[in-house]
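The values are calculated or read from the model by the stated rules, or taken from the named source; none is laboratory data. Worth saying up front: this structure is predicted, and the values here are computed from it rather than measured. Quick reminder, even Gly has a Cβ in these numbers, built from the backbone with ideal geometry, and neighbours come from all protein chains shown. Just the protein is used for accessible areas: all its heavy atoms, side chains included, with ligands, DNA and RNA removed. Shrake-Rupley method; radii C 1.70, N 1.55, O 1.52, S 1.80 Å.
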Amino acid sequence: MVSYAIGKKRTLRKVNPWPYIFSAPFLIAFFMFSVYPILFSFQLSAYNWNGISPVRKYVGLKNYIRLFTGDTLFMKALGNSALFVVIIVPLQLVAGVVMAYALFRFEKGRRLFQTMNFLPYITTPVAIGVIFAYMFDWNSGIVNGVLTHLGILKENYAWLHEVWSARMIVILMCLWRCAGYYMTIYLSAMLAVPQEQCEAAEIDGANSRQVFFRIILPSVRNTTVFLMITGLIGCFQLFDEPVQLYSGWSAGVSNVGGPSYSVYTVIWKFYTDAYKANNAIGYASAEAMILFVLIAILSLISFFVSNRKGDEDA
């Protein structure tokens with residue numbers, strides 16, 4: 001490292017350019033494919049544009065005002081997305097940590113069970129939609145067949161045509177698909193916990209429940225924060241599961257948003273407005289920016305609240 005003296009106290013050092021050279025491709029790609037689309041979307045939200053015409057009509061904040069005052073479907077979709085976040089994220093966290101702790105305590109068959117539970121996460125959403133659409137089909141679905149055979153139902157139930165049963169199916173699809181991923185991340189964090197702590201606690205008379213709540217859970221707090229924030233983002237971006245469920249794979253079930261728009265999410269609304277029904281790119285960009293700001297605010301709140309709780313516990 002070459003340095004040049006400037007006065008008595010300050011020195012000017014020659015900058016090593018290689019870190020900047022090697023990081024430049026990533027930074028350029030990041031700004032091109034992440035930062036620029038966000039800024040461009042924010043710009044488009046102030047225009048009325050169909051994505052094809054060379055003419056864009058500037059409307060200012062009218063798209064945002066219309067979203068909150070005149071678009072009942074957007075508010076419905078936003079409420080559905082918030083409902084899925086409140087239900088799905090806690091269920092995924094609980095299912096993931098419970099399964100991970102079971103594998104953490106019992107090593108026999110761990111890899112087989114871990115692989116079996118992780119497979120749904122890498123399954124394509126189209127396949128998941130086909131599976132669940134046929135499982136809950138009114139006429140030939142296996143769920144109705146089993147429940148009527150056991151006498152729980154007297155006649156077939158239209159699962160895909162009722163509001164809360166449709167939401168339940170979407171929640172079940174998300175839980176089935178992502179629980180294995182949560183389990184894998186939690187298990188990796190638990191295996192990093194020093195075994196001496198658990199063994200010392202057991203020698204002192206602690207049972208499995210006490211070890212879990214007093215040692216394991218505090219040790220994987222950072223993992224919980226990470227999964228909670230990513231789960232929150234994923235649920236607000238929920239699109240594949242409800243769309244594939246109501247894309248006509250099951251006989252007679254092909255409608256936008258499900259029964260009474262009960263599974264209509266913000267991303268589905270964005271997709272419909274931008275590319276399917278209206279070709280309103282500017283209006284859809286306003287929807288995307290509202291979702292972006294909402295996710296950013298909730299993620300920051302979750303991060304700071306979790307960190308503050310961790311500091312208080314420490």
Restricting the first residue to the stretch 188-204 and requiring it to be open to solvent by 70 Å² or more (accessible area, probe 1.4 Å), which pairs with a second residue that is assigned to a helix (DSSP H, G or I) and not polar (S, T, N, Q) meet a Cβ separation below 6 Å and a spacing of at least six or different chains? 197/215
So, of the residues in the stretch 56-91 that are assigned to a loop (DSSP other than H, G, I, E, B) and more than 21 Å from residue 277 (Cβ to Cβ), which turns out to be most open to solvent (accessible area, probe 1.4 Å)? 61
Residue match in the stretch 95-112 (condition: without any contact (Cβ under 8 Å) to a residue 24 or more places away in the chain, among the acidic types (Asp, Glu) and within 24 Å of residue 258 (Cβ to Cβ)): no
With the checklist (1) of a type in the set (Val, Ile, Thr); (2) free of Cβ contacts under 8 Å to residues at least 24 places away in the same chain; (3) in contact with a helix residue (DSSP H, G or I) (Cβ under 9 Å, 6 or more places away or on another chain) in hand, flag the one item residue 55 doesn't pass. (3)
When the residues of the stretch 260-292 are narrowed to those that are open to solvent by 70 Å² or more (accessible area, probe 1.4 Å) and not small (Gly, Ala, Ser), which ends up farthest from residue 50 (Cα to Cα)? 261
Which ranges mark the helices (runs of 4 or more DSSP H) fully within the stretch 101-175 that have 1 or more residues being touching a helix residue (DSSP H, G or I) at 6+ places or on another chain (Cβ under 8 Å) and within 28 Å of residue 77 (Cβ to Cβ)? 125-135, 142-149
Within the group 146, 97, which residue is more than 26 Å from residue 288 (Cβ to Cβ), modelled with pLDDT of 85 or more, β-branched (Val, Ile, Thr) and in contact with a Phe, Trp or Tyr (Cβ under 6 Å, 6 or more places away or on another chain)? 97
